[in-house]
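Just below is one structure, and these are the notes that go with it.
The values are calculated or read from the model by the stated rules, or taken from the named source; none is laboratory data. Treat the numbers as computed from the prediction; the structure is a model and nothing was measured. Using ideal geometry, Cβ is built from the backbone for each residue, glycine included, and neighbour counts are taken over all protein chains shown. Protein only, heavy atoms only, side chains kept; ligands, DNA and RNA dropped before computing areas. Shrake-Rupley method; radii C 1.70, N 1.55, O 1.52, S 1.80 Å.
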Amino acid sequence: MMTLEKLREIKEKTRPILEDRLKKEGKTEIREDGSIVLKGDYYKKQVRIALRNCEIINPDSIDDYIALDGYSALGKVLFEMTPAEVIDVMMESNLRGRGGAGFPTGRKWNEAFKYDADKKYIICNADEGDPGAFMDRSILEGDPHSVLEGMAIAGYAVGADQGFIYVRAEYPLAVKTLKKAIEQAKEYGLLGKNIFGTDFSFDIELRLGAGAFVCGEGTALMESIEGKRGMPRVKIHRTAHKGLWGKPTIINNVETLANVPIIYQKGADWFRSIGTEKSPGTKVFALVGKVKESGLVEVPMGMTLREIVFDIGGGVADDRAIKAIQTGGPSGGCIPADLLDTPVDFESLAKIGSIMGSGGMVVMDETDCMVDIARFFLDFTVEESCGKCVPCREGTKRMLEILEKITEGNGEEGDIERLESLAETISSASLCGLGQTASNPVTSTLQYFRDEYIAHIRDKRCPAGSCQALLEYYITDACIGCTKCARNCPVSCISGKVKERHVIDTETCIKCGTCMEVCPVGAVITR
Amino acid sequence: MKNVTLTIDGQKVTVPENYSIIQAAKELGIDIPALCYDPNLEVVGACRLCLVEIEGSRKLETSCSTKVREGMVVNTETEKVVKARKDILQLLLDSHPNDCLTCQKAGECLLQAYAYRYDVKFREHDGAMRPKLIDTSSPYILKDDSKCILCGKCVRTCSQVDDRQVLSFAGRGYDTRIVLDLDKTFETSKCVSCNRCVVVCPVGALVDKRLMGKTRIWDAEVKTVDCKVCAYGCEFEVLSKKGKKLAVRAKAPSNGRPLCLKGRLTTELMHLDNPDKPYRKIGNKFVESSWTKAISIADIIEKINKLENNEEK
Ligand SMILES: Cc1cc2nc3c(=O)[nH]c(=O)nc-3n(C[C@H](O)[C@H](O)[C@H](O)COP(=O)(O)O)c2cc1C
Ligand code: SF4
Ligand code: SF4
Ligand code: SF4
Ligand code: SF4
Ligand code: SF4
Ligand code: SF4
Ligand code: FES
C-alpha cells in the first residue's frame with residue numbers, strides 16, 4: 001500500500017539519481033526553486049506547465065515522475081480536501097478546456113459532482129485528430145502519469161471510480177507508454193482499490209479510437225466507447241449529467257488533465273498568475289509550416305502571435321515575408337500578417353474569426369494561396385464528416401466543390417456569395433462542432449483575403465502562384481532570343497524573332513513547362 | 001408531471017414539462033417540418049429541418065430535441081429559420097433524383113411536401129449526386145439509395161425489435177449509406193420483411209413493392225384494419241379504388257407492436273379479392289410459395305381436413 005511517507009521516500013531516493021543523469025546529458029538546468037527546465041533559445045520564452053516533465057523524466061519510470069513531485073497532489077487532495085473543496089480550487093483556477101472549446105473545467109466538474117448517480121465516469125480525450133497536431137501525443141509519450149494523476153483527482157472530485165482513456169490507435173507508442181504507466185500506478189497502489197489506503201478507488205482503462213476525427217467530439221467518443229458507430233449525439237442532456245451509458249461523465253482533454261496535478265501542488269493563485277485574466281495558464285501549440293524552428297511550444301496565454309513565430313520559432317523560413325497564421329486546425333481560421341500582434345487567448349482569437357482549437361499553428365508565407373488553404377481544410381472536413389446531419393454532410397461537400405472549381409480556374413461570379421450563404425447555414429444548423437466550425441477556414445480567408453478569391457474568379461489568376469491550373473507561363477525581358485523554347489514547345493505557341501524577346505500565347509499554352517526547362521537564361525517564369 | 005407554459009408564434013400553450021417544442025407546437029396546430037423525428041423513436045436531431053428560434057438564444061435550436069421551459073418564447077417561421085430550412089431542403093434536392101412523376105411515394109413524401117411548402121426546386125448542377133444503388137432482391141420492399149435522405153428512422157425502428165436489427169449506417173460523410181447486415185441485400189440479409197422500415201421512411205427510398213403501379217395514393221381510399229393473427233394487434237391499411245380492394249400495407253407500428261410478414265399476408269388474404277402471389281424466404285432466396293405455406297397453416301389445414309373427413313364418415 002502506498003502512503004505519503006513512502007511517496008516521500010521514493011522521491012528522496014530518485015531525485016538525486018535523476019539529477020545526475022540530467023547533468024550528464026546537459027540539456028537541462030536546475031532553477032533556484034528546484035524546478036528543472038530545458039536549456040536553449042527555443043525554450044527561453046516558453047513556460048512549460050503541461051509539458052513540465054516532457055523530455056526531462058523517463059516516461060517509463062513512475063519513480064522519475066514521483067521524484068518531481070508526482071502523485072503528491074493526489075495525496076494532498078485525498079488527505080486534506082473534501083471533493084467540494086477540490087472543485088472549488090478548480091473553479092478558482094479557472095482552468096479552461098484545452099481540447100478546443102475552452103469550457104471552464106471546474107464548472108464542468110461541479111455539474112457532475114452535484115448530480116446524484118450510482119456510477120460516474122471520467123474520460124480522457126486523447127483522440128487528437130487534427131492534421132499536424134501532436135501536443136497530446138507528446139504528453140502521453142513523455143509524461144503519462146500527469147494525465148493519470150489528473151484523472152484520479154477528477155474522479156475523487158466528482159465521485160467517479162472508473163476512468164477511460166480514449167486514445168488513437170495510430171499512436172502505438174502512446175498506447176504502450178500508457179499501458180505501462182497504468183500498470184506501475186496500480187502496482188504502487190496509486191490507482192485501483194483504496195488509493196493511499198483511503199476508501200477512494202479509481203481504475204483506468206484504455207480504449208482505442210478507430211481513427212475518425214469526429215470521434216474526438218465528446219458524445220461521438222462516448223458512442224464509440226459504448227461500441228456504437230461514432231456519431232455525435234443530439235444535445236438533450238449534458239454529458240456531465242447523462243454521458244457514457246447514461247451516467248454522469250466528465251470528459252477532459254489530455255493537456256487539460258496534465259495541468260490538473262500542478263494546480264493542486266501550487267495553488268489556484270499561482271495558476272492564475274500565469275496567462276491572462278480570462279484565459280489563465282499556458283497553451284501548447286504545434287508550430288509548423290514556413291517557420292524556421294518548428295516544434296511544440298508552450299507559452300503563457302496572452303503572448304502575441306508575433307512573439308511565438310519570431311522570438312521562439314525564429315521567424316519565417318527562407319526569410320520570406322509572413323502572410324498569415326492558421327490557428328485551430330480544420331475548424332480554425334487564417335489570421336493575416338497585420339494582426340500578428342493579437343494576443344493568443346480564447347477571446348482574442350475568436351474576435352478575429354479564428355479559434356484556439358487544440359493548438360495547431362501553421363505559418364504561411366507569400367507562396368501560400370489562401371483559397372487553396374481553405375480548400376485543403378475543407379477537403380479534410382468533408383472526408384471526416386460523420387454523415388449524420390444534412391447541413392454538414394451535404395453542405396460541406398458543395399462548398400468544397402465550389403472551392404475546387406475556383407482553384408481550377410472555373411470560378412464564376414456569385415461563387416463567393418454562394419460560399420458565404422452555405423457557410424452561414426452550415427455553421428448555424430449543423431448538429432455538432434465539426435459542422436458548426438467547418439466553414440471557418442473559408443469565412444476567415446474570405447474576410448481577410450477576399451481579393452485573392454476575386455483574382456482567381458475574375459482574372460483566373462492565383463496571386464500566390466500556387467494553383468497549378470491558374471499559372472501563366474511568361475517570358476521576361478531576360479530573354480536573349482535563342483529560340484530554344486519556341487522550337488521545343490509542343491503546341492508551338494511561342495513566337496519571336498532570333499535575338500528578340502519571345503512571347504507566349506497564353507490562350508494556346510498547355511502549361512507543360514518545357515520552355516521553362518529548356519531556357520538557358522531562366523527567362524521563363526510562372527505568374 | 002409538472003406543466004409549463006410557453007409561447008409559440010405568439011400563442012400561449014401549457015404542456016407537461018417533458019414535452020419537446022415540436023410536441024408543444026403540435027398542440028397548437030403548428031406543424032414544424034421534421035424529417036427525422038418520430039414520436040415512437042429515439043430523437044437524433046439529424047435532418048435539422050425542425051430548427052426554431054428561441055428568444056434569448058443566439059443559436060437556432062432543433063425543436064425535436066429541445067425540451068420546453070417555463071416562459072420560453074419560440075418562433076417557428078422567422079426569416080433566419082426559413083432561410084436555414086430552404087438551404088437544407090435545397091441541399092437535399094441537389095443530391096436527389098428528380099423522379100416525383102413516377103415515384104410511388106409521391107403524394108405522401110415529406111421531402112416533396114416540404115419542398116412545395118418552402119418553394120424549393122430541383123435544379124441542374126454539375127456536382128456530385130448519390131449513386132443509383134437499388135436493391136430489387138425482395139418481392140416486398142424496394143430500396144433506392146439515391147432517394148435516401150439518411151434520416152435514420154428505418155435503422156431505429158428495425159433495431160427496436162430485438163432479433164431483427166438488420167439495418168445500420170455505413171460509410172462516412174457524403175458517402176454514408178444505409179445497409180443491411182454489413183452490406184447485404186434483402187434476400188441475403190436476415191431481414192424478415194416486416195416492413196417497419198418502409199412505413200417510417202419519409203421518402204421513396206424504401207417502398208412497398210406490392211403497391212407499386214397499383215394506384216397513386218391520392219386516388220386511393222385508405223381504410224385501417226386490425227391484424228387478427230396474434231395478440232399484438234398490429235394495424236394495416238387496405239387501399240381501394242372505385243370499390244375494388246387493391247393492396248394492403250403496414251401502418252406505422254406503435255406501442256411495441258412488431259409487425260410481421262405473416263400478419264401482412266394473412267391480412268392480404270382476408271381483405272383482397274385478388275392478392276399477389278406470396279413469397280417465402282428459404283435460405284438466402286425468395287421463392288414463390290403457396291398461401292398455406294406462406295402463412296404456415298399447412299398443418300392446421302391438414303388437421304381440419306382430417307376432422308371434417310371424419311365427421312362426414
Ligand atoms: C469534431 C470534433 C473533434 C474533436 N476532437 C477532439 C480531440 O481530438 N481531442 C480533444 O481533447 N477534444 C476534441 N474535441 C472537443 C471535445 O468535444 C471536448 O470538448 C473536449 O474533449 C472537452 O475537454 P476539455 O474541456 O478538457 O477541452 C473535438 C470536438 C469536435 C467537435
Ligand atoms: S455536423 Fe457533421 S460531423 Fe457533426 S453530426 Fe453533423 S454530419 Fe456528423
Ligand atoms: S509551358 Fe509548354 S506549352 Fe506553354 S509555352 Fe512553354 S513550352 Fe509552350
Ligand atoms: S422520394 Fe419524394 S422527392 Fe424523391 S422522387 Fe419520390 S416523391 Fe419525389
Ligand atoms: S423489413 Fe423489418 S427486418 Fe427488414 S429491414 Fe425493414 S424493419 Fe428491418
Ligand atoms: S431509407 Fe428512408 S428511413 Fe431509412 S434513412 Fe433513408 S430516408 Fe430515412
Ligand atoms: S402483424 Fe404480426 S405481430 Fe403484428 S399482430 Fe399481426 S401477426 Fe401479430
Ligand atoms: S426533426 Fe428535428 S432534427 Fe430532424
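Classification of region A:313-354 by its C-alpha gyration tensor yields a prolate form. The axis ratio a/c (a ≥ b ≥ c) is 1.5 or more, and a/b outweighs b/c. Rounded to the nearest 10 degrees, the angle from helix A:254-266 to the longest Cα principal axis of chain A is 40 degrees. Using a Cα-Cα cut-off of under 12 Å, which aspartates and glutamates could be cross-linked to B:Lys251, ignoring same-chain neighbours fewer than 8 residues away? Result set, ordered by chain and number: B:Asp208, B:Asp226, B:Glu235, B:Glu237.
Spatially, region A:313-363 and region B:288-305 are offset by 75 Å when compared through their Cα centroids. B:Asp273 contributes about 110 Å² of solvent-accessible surface, heavy atoms of the protein only, 1.4 Å probe. The sum of -39500 (n - 2.57) across all DSSP H runs of n ≥ 4, divided by the residue count of chain B, sets its helix-only mean residue ellipticity at 222 nm to -6500 deg cm²/dmol. Per-residue mean of foreign Cβ neighbours for A:391-404 is 5 (Cβ atoms of other chains, 10 Å radius). If you plug the beta carbon distance of B:Ala170 and B:Asn40 into 1/(1 + (r/R0)^6) with R0 = 30 Å, you get a FRET efficiency near 0.80.
When A:Glu293, B:Glu237 are compared by accessible surface with a 1.4 Å probe, the order from highest to lowest is A:Glu293, B:Glu237. Comparing the full protein assembly with the isolated chain, the residues of region B:152-184 losing at least 30 square angstrom of accessible surface (1.4 Å probe) are B:Phe169, B:Arg172, B:Gly173, B:Tyr174.
Taking chain A as the reference, fit the longest principal axis to its C-alpha atoms, fit the long axis of helix A:396-407 to the helix C-alpha atoms, and give the angle between the two in degrees, 0 to 90, nearest 10. Its long axis makes an angle of about 40 degrees. Tell me: how much accessible area in total is hidden between B and A, 1.4 Å probe, Å², nearest 100? Counting protein atoms only, the buried area is about 2500 Å².
What is the Cα centroid distance between region B:244-278 and region B:204-233, reported in whole angstrom? Result: 7 Å between the Cα centres. Taking every C-alpha pair closer than 8 Å and separated by at least 6 residues, the mean separation divided by the residue count of region A:222-372 gives a relative contact order of 18 percent. Expressed to the nearest 5 percent, the antiparallel share of DSSP beta bridges inside the protein assembly as shown is 75 percent.
Using a ≥ b ≥ c from the Cα gyration tensor of chain A (square roots of the eigenvalues), is it rounded, prolate or oblate, where a/c under 1.5 gives rounded and otherwise the larger of a/b and b/c decides, a/b for prolate? Prolate shape, in that a/c is at least 1.5 and a/b is the bigger ratio. With the simple spin-label model, which puts each label point 7 Å out from Cα in the Cβ direction, the A:Asp199 to A:Glu347 separation comes to 4.4 nm.
Between rounded, prolate and oblate, where does region A:77-272 land on the alpha carbon gyration tensor, with a ≥ b ≥ c its root eigenvalues, rounded for a/c under 1.5, else prolate if a/b exceeds b/c? Rounded shape, in that the Cα axes give a/c under 1.5.
So what's the net charge close to B:Gly71: Lys and Arg +1, Asp and Glu -1, counting the other residues with Cβ under 14 Å from its Cβ? Spelling it out: positives minus negatives among the neighbours equals +1. With the whole protein complex present, B:Ile32 retains an accessible surface near 10 Å², based on a 1.4 Å probe.
Between helix A:105-114 and chain A there is an angle of about 50 degrees, using the helix long axis and the longest principal axis of the Cα atoms. Ignoring ligands, DNA and RNA, what percent of the 1.4 Å accessible area of region A:370-458 is carbon and sulfur? Percent of accessible area from carbon and sulfur atoms in region A:370-458: 45.
A simple count of charges around A:Ser331, restricted to other residues whose Cβ falls under 12 Å of its Cβ and scoring Lys, Arg +1 and Asp, Glu -1, yields -3.
Using Cβ point charges alone (K and R +1, D and E -1), the dipole size of the protein assembly as shown about the Cα centre works out to roughly 2460 debye.
Pairs of Cα atoms nearer than 8 Å and 6+ residues apart set the relative contact order; for region A:77-272 it is 31 percent.
Net charge in the neighbourhood of A:Val524 (other residues with Cβ under 15 Å of its Cβ; Lys, Arg +1, Asp, Glu -1) is +1.
Checked against a 22 Å cut-off, the cross-linked pairs B:Lys26/B:Lys67; A:Lys176/A:Lys283; A:Lys283/A:Lys388; A:Lys351/A:Lys397; A:Lys397/B:Lys190; A:Lys180/A:Lys266 give Cα-Cα distances beyond that limit for A:Lys176/A:Lys283; A:Lys283/A:Lys388; A:Lys351/A:Lys397; A:Lys397/B:Lys190; A:Lys180/A:Lys266.
Extension gain for A:Glu412 to A:Glu293 (0.36 nm times residue separation, less C-alpha to C-alpha distance): 38.8 nm. Take every pair of alpha-carbon atoms less than 8 Å apart whose residues are at least six positions apart; their mean separation over the length of chain A yields a relative contact order of 12 percent. With the whole protein complex present, A:Met1 retains an accessible surface near 150 Å², based on a 1.4 Å probe.
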